[in-house]
1. Are any residues in the range 229-255 within 16 Å of ligand 2 (Cβ to nearest atom) and on the phi > 0 side of the Ramachandran plot, and if so, which ones?
2. For the range 86-122, name all the residues that are in contact with a Phe, Trp or Tyr (Cβ under 8 Å, 6 or more places away or on another chain), at pLDDT 95 or above and in a loop (DSSP other than H, G, I, E, B).
3. May I ask you to list the residues in the range 256-276 that are within 17 Å of Ser91 (Cβ to Cβ) and away from ligand 2 (no atom under 15 Å from the Cβ)?
4. Can you spot a residue in the range 230-251 that is in a helix (DSSP H, G or I), basic (Lys, Arg), within 22 Å of Val60 (Cβ to Cβ) and more than 13 Å from the chain's Cα centre (by Cα)?
5. Kindly indicate whether any position in the range 88-99 is surrounded by fewer than 23 Cβ atoms within 10 Å (Cβ to Cβ) and touching a helix residue (DSSP H, G or I) at 6+ places or on another chain (Cβ under 6 Å).
6. For the list (1) modelled with pLDDT of 95 or more; (2) out of contact with any Leu (no Cβ under 7 Å at 6 or more places or on another chain), I need the number of the one condition that Pro3 fails.
7. Residues being within 11 Å of Ile80 (Cα to Cα), out of contact with any Pro (no Cβ under 8 Å at 6 or more places or on another chain) and β-branched (Val, Ile, Thr): count how many of those fall in the range 26-55.
8. Filter the range 128-157 for residues that are surrounded by 21 or more Cβ atoms within 10 Å (Cβ to Cβ) and either part of a loop (DSSP other than H, G, I, E, B) or away from ligand 1 (no atom under 16 Å from the Cβ) (or both) and give the result.
Amino acid sequence: MIPHLLLTRIARLMNPKWNGQFSCFDLVAKTSERSRSVVQVRDIEIGGNDFVVMAGPCAVESESQLLETAIAVAEAGARILRGGAYKPRSSPYAFQGLGLEGLKILRKAREVTGLAIVTEVMSEEDVELIAEYADIMQVGTRSMENYALLEALGTCGRPVLLKRGMTATLEDLLRSAQVIAVAGNPQVILCERGIRTFETATRNTLDIAAVPVLKAVSHLPVIVDPSHAAGVRSLVPVLSRAAAVVGADGLIVEVHPCPEKAMSDGNQSLTFGEFSHMMRDLQPYLDLQQESRQLRPQLLAVGRAD
Ligand code: PEP
Ligand code: MN
């Protein structure tokens, strides 16, 4: 097993195509000096040795909905609470989020549970306000190329969770990460959340190969969103296990007290019971990943010598 992992790792580091393709994004590209960066969020390290799970509803709908969810996901092992207060919806008639009221509810949930908060920012005008409430600023798939927003996030003083655009290549994703870094904020977490393909059985296609490619070419942490990739809750646990095995640094997962009544993304939201089972079942896969993480320094040293 060890020689195989070693060879795979060396092959990744030596892929000449990737060097040419990604090295221009100098602030986010992996170099011999900078192979891995850790984003610190309160007492949590993303991109370090822990597998960090962010979980919560798609949207903040009410105080009771969010507090109940926060307590349940914390008990199951999540470290960060997700929940949209400003929602980018495809239809102008769909629920757009509670706005400032939602942010206040998120703050309360942090006080009650100690969980850190990740929430979406859609416009550069909202950056300052959301940064007062959020521990991580989420850039959604539809905003990945909103350069005014990305630049404003350069000076927000908070880490940024940058989701891959649904029709974006990895090069596009890294370009956007570079924009945030050039604007002054190197604390970027990349997120693979599925891309549009010709497949219609799932909402998007989880590009699982994106994780090892991004880990090979960039020093930034990489997490996976199995919920928006699948669009259906039954696939979320298996995609999460796949993410753990390919070396992701964590997950962002949708969980709701009563998914059938959710105001958005109910089909892909897990119940509390399903989430806690998923977390428990993830452990052997995380142990497997831990084994390969322990080999990393050695593998990187070999890669560098080449
Ligand atoms: C979300 O996290 O609820 C969301 C809208 O995600 P995405 O931007 O990946 O569609
Ligand atoms: Mn959602």
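The values are calculated or read from the model by the stated rules, or taken from the named source; none is laboratory data. None of the values given here were measured: they were computed from a predicted structure. With ideal geometry, Cβ positions are generated from the backbone for all residues, glycine too; neighbour counts draw on all protein chains shown.
1. Gly231 - this is the single residue of the range 229-255 that is within 16 Å of ligand 2 (Cβ to nearest atom) and on the phi > 0 side of the Ramachandran plot.
2. Residues of the range 86-122 in contact with a Phe, Trp or Tyr (Cβ under 8 Å, 6 or more places away or on another chain): 87, 89, 96-97, 99, 102-104, 106-107, 117, 119-122.
Next, only the ones that are at pLDDT 95 or above stay: 97, 99, 102-104, 106-107, 117, 119-122.
Listed by number, the residues that qualify are Gly97, Gly99, Val121, Met122.
3. Hits for the range 256-276: nothing passes.
4. At the first step, the residues of the range 230-251 found to be in a helix (DSSP H, G or I) are 230, 233-245.
Pick out the ones that are also basic (Lys, Arg) and you get 233, 241.
Keeping just the survivors that are within 22 Å of Val60 (Cβ to Cβ) gives 233.
Next, from what is left, pick out any that are more than 13 Å from the chain's Cα centre (by Cα): 233.
Yes, the range 230-251 contains a residue that is in a helix (DSSP H, G or I), basic (Lys, Arg), within 22 Å of Val60 (Cβ to Cβ) and more than 13 Å from the chain's Cα centre (by Cα).
5. Yes: the range 88-99 contains one or more residues that are surrounded by fewer than 23 Cβ atoms within 10 Å (Cβ to Cβ) and touching a helix residue (DSSP H, G or I) at 6+ places or on another chain (Cβ under 6 Å).
6. Just one mismatch for Pro3, condition (1).
7. 3
8. Ala134, Gly140, Met144, Ala152, Cys156
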